[in-house]
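What follows is one structure encoded as structure tokens, with my remarks underneath.
The values are calculated or read from the model by the stated rules, or taken from the named source; none is laboratory data. In this text the structure is predicted, and so the values were computed from the model without any measurement. Don't worry about glycine lacking a Cβ; one is built from the backbone with ideal geometry, like all the others, and counts go over all protein chains shown. With ligands, DNA and RNA removed, areas are computed over all heavy atoms of the protein, side chains included. Shrake-Rupley method; radii C 1.70, N 1.55, O 1.52, S 1.80 Å.
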Amino acid sequence: MKHYLTTDDIESVPKIIAEAIELKKEPYRFEQLGKHRTLGMLFFNSSLRTRLSTQKAAMQLGMQVMVMNFSGEAWSLEFEDGSVMNGSTSEHIKEAAAVVSQYCDIIAIRAFATLTDKEKDEAEYVLKSFQKYASVPIVNMESATAHPLQALTDAITITELKTKERPKVVLSWAPHPKALPQAVANSFTSMMQKMDVDFVITHPEGYELNPEITKDVPIVYDQNEALKDADFVYVKNWSSYNDYGKILQSDPSWKITAEKMALTNNGKFMHCLPVRRNVIVDDAVIDSLQSTVIQQANNRTFAAQIVLKHILEQLPKL
Ligand code: CP
């Protein structure tokens, strides 16, 4: 693996899931692999899980880690080619990415969607600019349109917990007071299409995701209908893709309740976290044995670790 920008960078999903599950049993097995290697983690947005789990993953591989809050600590970056930099930006991405590459063997980046400029978000201008001007591999820690480390985590969790060969997995929209990106839902959708699952998406009309990502996945506008016999219910809010970044409605009846979970096949409740309790999901569900959210958070480490391991294995020898 050269970079990890989307789930498409995974050569074989079943193989990498199996490797991650093995790594979980023996997390320090490859601690020589990252010796004298440095991971640089650049954050343009907040994080709890991604920051700590990716750092832990790197440390378990024997790597050194440098973390920088790019939005608050670094010079403000210019991304336009040929721009006359007499405004608010102080450093061009050309130098910034090349300079970070002098200190780091792998650069991991978190840069969320603007949700105001669809064209820029779809072009992944932060992530892709780093990829263009850095001389080392890039790992996506959630970009404008994708969260592939979360999706790999969720694939590992489903594989660990499934009780039948082909489980039914439902991705359900839920209400939220703020406009959120589509990144988690996009990557989860892409990942489910690479797995042997019966996958359904449910959301109110108007919240359709990018059709280039959903392809022929069935979309059911009746949440109760979609939840019937589900083995896994993956819940996430996202803002409108077509009416880009807008909250069209936040109908509280889409919240996940114990009554809704009763429609499932004793289904597991999944969420990437952070979650707004009693807005997205009732306490009674997230605090129940059906909730997998802490197991998912634990698996973030092993998803990141297997990705970093694959990338480290491709680096030129020291
Ligand atoms: N799920 C997830 O990416 O969590 P953080 O935003 O806290 O990193």
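General remarks:
- Listed by position, the helices (runs of 4 or more DSSP H) enclosed by the range 232-318 that each have at least 3 residues that are within 16 Å of the ligand (Cβ to nearest atom) are 293-314.
- Criterion (in contact (Cβ under 8 Å) with a residue 24 or more places away in the chain and closer than 23 Å to Leu152 by Cα) met by exactly one of Val279, Val307: Val307
- Of all residues in the range 88-111, one or more are within 16 Å of the ligand (Cβ to nearest atom) and among the small types (Gly, Ala, Ser).
- Qualifying residue in the range 9-28 (condition: within 16 Å of the ligand (Cβ to nearest atom), buried (at least 18 other Cβ atoms within 10 Å of the Cβ) and not assigned by TED's automatic domain parsing to the domain that holds Leu273): no
- So Lys168, is it open to solvent by 10 Å² or more (accessible area, probe 1.4 Å) and closer than 17 Å to Ile256 by Cβ: yes
- Any chance Val126 is in contact (Cβ under 8 Å) with a residue 40 or more places away in the chain, open to solvent by 10 Å² or more (accessible area, probe 1.4 Å) and more than 17 Å from Ile311 (Cα to Cα): yes
- Among residues of the range 59-80, those that are acidic (Asp, Glu) and either under 23 Å from the mean Cα position of the chain (by Cα) or open to solvent by 90 Å² or more (accessible area, probe 1.4 Å) (or both), counted: 2
- Of all residues in the range 36-52, exactly one satisfies the criterion of being buried (at least 18 other Cβ atoms within 10 Å of the Cβ), farther than 14 Å from Ala111 by Cα and near the ligand (Cβ under 8 Å from one of its atoms), namely Arg49.
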